[in-house]
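The values are calculated or read from the model by the stated rules, or taken from the named source; none is laboratory data. This structure is a prediction, so every number in the text was calculated from the model and none was measured. Here Cβ is always computed from backbone atoms with ideal geometry, including for glycine, and neighbour counts include all displayed protein chains. The protein model used for the area step is the full one, side chains on, heavy atoms only, and it has no ligands, DNA or RNA in it. Shrake-Rupley method; radii C 1.70, N 1.55, O 1.52, S 1.80 Å.
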Amino acid sequence: MRLSSAVCRSLLGSLLLLLAQSAAAGKALSESTVQALLGGEAVLLMRHATAPGVGDPDRFKLGECGSQRNLSTQGRAQAERIGTALRSAGLGTLGVWTSPWCRCQDTARLLGLAAPQVVPALGSFFQGYTEESVQTAATMNLLTQAPAGPLLLVTHQVNITALTQGAVYPRSGELVAVLRKNPRTVLERWVVE
């Protein structure tokens, strides 16, 4: 069977992306990315730590953690490791914004950085894609109006994918450094092992 050149390019692109993601796993952020974060030119987007499952249960209620998909024991340990890695990278002064979902708030607290600030625009729209453009615009507005200090946003895969205009589909616990004024510009991806 012969593959078309378009299919070959697509497969090659996917392979290169996987190799780049594997290479980033466990490595520290570059000094230039750390400086961009500390200077406020960039922000870190983080998908919440490991919470088994997909979406939320039918009985989901925002204010009730027992009705939501929550961090596993591994996810809690993962969040603590990520916090340690961020402090080791010189990013212990990051301000922290979090989705109102319990798995994000728990991740944000377990990082051991600044007290997390709940930001409704960072909430998941996985089960309500009609909210994608409204929430993404609200997040962009907050980013452009917020003081230019170091900032970490703990949110969901769908939010990060929307903010980066489809450039990133993050793993649980993955950190993505992007330009504050143009999150489509990904500076670096970081998976703490």
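Couple of notes before you dig in:
- Among the residues making up segment 38-54, those that are open to solvent by 10 Å² or more (accessible area, probe 1.4 Å) and either among the β-branched types (V, I, T) or not in a strand (DSSP E or B) (or both) are L38, G39, E41, T50, P52, G53, V54.
- Test result for V168, in a loop (DSSP other than H, G, I, E, B) and either surrounded by 18 or more Cβ atoms within 10 Å (Cβ to Cβ) or aromatic (F, W, Y) (or both): yes
- Any chance Q74 is surrounded by 15 or more Cβ atoms within 10 Å (Cβ to Cβ) and modelled with pLDDT of 95 or more: no
- Against the numbered list (1) at pLDDT 95 or above; (2) surrounded by fewer than 22 Cβ atoms within 10 Å (Cβ to Cβ); (3) closer than 25 Å to D58 by Cβ; (4) not β-branched (V, I, T), P120 comes up short only at (1).
- Each residue in segment 95-111 was checked for being part of a loop (DSSP other than H, G, I, E, B) and either among the charged types (D, E, K, R) or crowded, with 24+ Cβ neighbours inside 10 Å (or both), and 3 pass.
- Residues that are polar (S, T, N, Q), in contact with a helix residue (DSSP H, G or I) (Cβ under 9 Å, 6 or more places away or on another chain) and part of a helix (DSSP H, G or I), drawn from segment 68-88: Q78
- Considering segment 41-71, and only residues there that are at pLDDT 95 or above and in contact with a Gly (Cβ under 8 Å, 6 or more places away or on another chain), the residue that is nearest to Q145 (Cα to Cα) turns out to be M46.
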